[in-house]
Amino acid sequence: MKKKIWIIIIALMAVLALAGYFIIDNKDSSERNILSMISKNREIVDYYCQVNNLKPRVYISVVYGELRSNYNFFDGFDNIRAEYGFNPSAGYGQMRVSTFMWLEENFADGKIITKSRNRDEVIRKIMNDTINIAYTTFYVNLIRKKLQSIDNMPPTIKQLGSFYSLGVDHGRREINKNATTPVGINAEKFYYSNKLIDLYVMN
């Protein structure tokens, strides 16, 4: 029964996607939507960037890169997809459910990262902007430290964005610091653009 319900939901999502494609999926409206999304929660972003030793513009650029590269109509159904066992990138910072759970399993400190009792709690937390920002700022800082440990050189915005996409939550995989993804490219372009001037000074 559960499987049939999910099939119906997928079919409805596909129909809505086709109907809404020409309305919401063009480049200009997508850009406006993304800028509107990342402009929210300024005080929360500033607070957790300070806690996690990040410059707000760096964090926001990485999130922008992720959204600009991957955000689409189906992201509006992230919580439903997660509830049915899928592994979407969800919430303010578009973190994968599996990465969110990996952070809890390996870095829970009872302060920034806290253990969830079950998957339902994980989904509620990842969809909460404050908690999502706390976890994703922690993760970007973790990426920064891991990349810097390779050659003692601070990573570039492109590298941070690329590994936000590729992930560093795979213990057995060798990290190639030169790996590049569209997320990293978009993050770097945004960091050095004028688009964020009204939100964050160059810091």
- Of all residues in region 93-112, which are more than 27 Å from S36 (Cα to Cα) and surrounded by 14 or more Cβ atoms within 10 Å (Cβ to Cβ)? M101, W102, L103, E104
- Message: Quick check on my filter: what residues within region 38-47 are in a helix (DSSP H, G or I) and under 18 Å from G65 (Cβ atoms)?
- Response: I38, V45
- Note on the structure: Result of the Cβ filter at 7 Å on region 83-112, keeping first residues that are of a type in the set (S, T, Y) and partners that are part of a strand (DSSP E or B) and at pLDDT 90 or above, at least 6 apart or interchain, is S89/M95; S89/R96
- Between residues in region 135-161 that are of a type in the set (D, E, K, R) and residues that are in a helix (DSSP H, G or I) and surrounded by 21 or more Cβ atoms within 10 Å (Cβ to Cβ), which pairs lie under 7 Å by C-beta distance while being six or more apart or on different chains? R144/L160; K158/G184; K158/A187; K158/E188
- Message: So Q94 ticks every box in (1) polar (S, T, N, Q); (2) modelled with pLDDT under 60; (3) at positive phi but one. Which box is left unticked?
- Response: (2)
- Item | Qualifying residue in region 123-139 (condition: in a helix (DSSP H, G or I), within 15 Å of the chain's Cα centre (by Cα), surrounded by 15 or more Cβ atoms within 10 Å (Cβ to Cβ) and basic (K, R)) | yes
- Task: Assess whether S29 counts as being under 19 Å from N186 (Cβ atoms), at pLDDT below 95 and part of a helix (DSSP H, G or I).
- Result: yes
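The values are calculated or read from the model by the stated rules, or taken from the named source; none is laboratory data. Remember, predicted model here, so these are calculated numbers, not experimental data. All Cβ positions, glycine included, derive from the backbone under ideal geometry; neighbour counts span all protein chains shown.
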